[in-house]
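For reference, the structure discussed in these notes is given below.
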Amino acid sequence: KQWYQRRVAITAGVSICFSTVYLWTSEIAPTSHRGFAFTFGSGLGKFGGFAGPYVFNNLGPATTRAVPWILLAVLSLLCALAAVFLIETGDKELTHVPAEVQERRKGFRYRI
């Protein structure tokens, strides 16, 4: 029963991550670059789906069982830290060209 709970939790986590990538991409990327941004984000997700089993099946037996989990935890924390530095897009019109993105960034200050 414990393996089933882990699998459900991991599947839910992956679904949440993909949904977040799609939502953020539509708000951050200008219309002219949105297709590339979606494709790039989806491609990175597919690469992670490929690399995940490889890391767990090969790195785990070669080291302690905790190393793959620590690696994934560190990568997750780095992604969360990177997300802190994204521009706030709430209540603002979506951009259409890169020049509008540059204009939006002029007065932006990072708040931590």
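Among the helices of the chain (complete DSSP H runs), which have Cα atoms covering no less than 18 Å along the helix axis and a Kyte-Doolittle mean of at least 1.6?
Passing helices, by number: 66-84.
Show me, bin by bin at 5 Å from 0, the whole-percent P(r) of the chain based on Cα pairs.
Reading the bins upward from 0: 2, 9, 14, 20, 17, 13, 10, 7, 5, 3, 0.
How far apart, in nanometres, would the label points at residue 40 and residue 8 be if each is projected 7 angstrom from Cα along the Cα-to-Cβ direction?
For residue 40 paired with residue 8, the spin-label model returns 3.7 nm.
We did not get these values from a lab; they are worked out from the coordinates using the rules stated. If you're wondering where the values come from, they're calculated on a predicted model, not measured in any experiment. Note that each Cβ is placed from the backbone with ideal geometry, even for glycine, and that neighbours are counted across all protein chains shown.
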